Amino acid sequence: MESKLRSATFGRASLVVAIAASAALGVGGSACKKSEAAPVEASASAKSPVEAIEVPRFEIATDTASIDRGKEVFAQKGCGGCHKIGGGKLVGPDLKGVTSRRDQVWIERMILHPEIMTKEDPTAKELFKTHLTQMTNQGVDPKDQLPYLLAYLKANEK
Ligand code: HEC
């Protein structure tokens, strides 16, 4: 009598396990279907990986407060670990005059997603070939930090 009860309990327990397992599979299955449906996004926009890097449009500020803020962000984000502004190459290129040798949008994309640029953009690919180090994505905020970095770089154009 007692053993019968035990096996009945065991039976129920394994049934629960079986249900749980199939439920888990079910969830996995539907997650899989969802990711298969994702390419809609890719085909809807015929943008290249470079063009797909969204950048804010703004006019580069020239006021002292913005330039100073840019200098702070440059230090905060560790740009100075790899770049000098005047004085030559460090790990990466000297950034003096970068705003005159490159297009603003290009610079913004390079700062926001260097890991995409060195794979997809011809100019960035060339830079990577000569510097042999991948610039790291420093997680620059496109709205709160990027415009100030540009102001700082522009202030050091000449
Ligand atoms: C780990 C080192 C490293 C850090 C940190 C880094 N960079 Fe770079 N940067 C590079 C390298 C190396 C290149 C050249 C492309 C490559 O090889 O990835 C480059 C390229 C650039 C370029 C293009 C220069 C040109 O001559 O066209 C800009 C602009 C730039 N970096 C800005 C920044 C800013 C702003 C920061 C901080 C948010 C930063 N970088 C942080 C290494 C770094």
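The values are calculated or read from the model by the stated rules, or taken from the named source; none is laboratory data. Note that the coordinates shown come from a computational prediction; the quantities given were computed from them, not determined experimentally. When we count neighbours, we look across all protein chains shown, and the Cβ atoms used for this are built from the backbone with ideal geometry, even at glycine.
What to note about this one:
- Entry remark, the range 46-71: residues being among the hydrophobic types (A, V, I, L, M, F, W, C), closer than 14 Å to Leu146 by Cβ and surrounded by fewer than 16 Cβ atoms within 10 Å (Cβ to Cβ) number 1 in total.
- Residue match in the range 93-114 (condition: more than 9 Å from the ligand (Cβ to nearest atom), modelled with pLDDT of 95 or more and farther than 28 Å from Lys47 by Cα): yes
- The numbered conditions (1) under 21 Å from Val73 (Cβ atoms); (2) within 18 Å of the chain's Cα centre (by Cα) are all true for Leu95 except (2).
- Residue within the range 61-77 that is in contact with an Asp or Glu (Cβ under 9 Å, 6 or more places away or on another chain), at pLDDT 95 or above, of a type outside the set (A, V, I, L, M, F, W, C) and not in a helix (DSSP H, G or I) present: no
- Of all residues in the range 98-115 being within 17 Å of Met135 (Cβ to Cβ) and among the charged types (D, E, K, R), the one that is farthest from the chain's Cα centre (by Cα): Arg101
- Residue within the range 144-156 that is out of contact with any strand residue (DSSP E or B) (no Cβ under 7 Å at 6 or more places or on another chain), among the aliphatic types (A, V, I, L, M), at pLDDT 95 or above and within 14 Å of Ile53 (Cβ to Cβ) present: yes
- Among (1) under 19 Å from Phe74 (Cα atoms); (2) more than 9 Å from the ligand (Cβ to nearest atom), the one test that Gly139 misses: (2)
- Taking the conditions (1) within 23 Å of Ile60 (Cα to Cα); (2) touching a residue at least 40 places away in the same chain (Cβ under 8 Å); (3) of a type in the set (Asp, Glu) in turn, Asp103 satisfies each one other than (2).
- Only residues that are part of a helix (DSSP H, G or I), surrounded by 14 or more Cβ atoms within 10 Å (Cβ to Cβ) and free of Cβ contacts under 8 Å to residues at least 60 places away in the same chain were counted in the range 112-158, giving 8.
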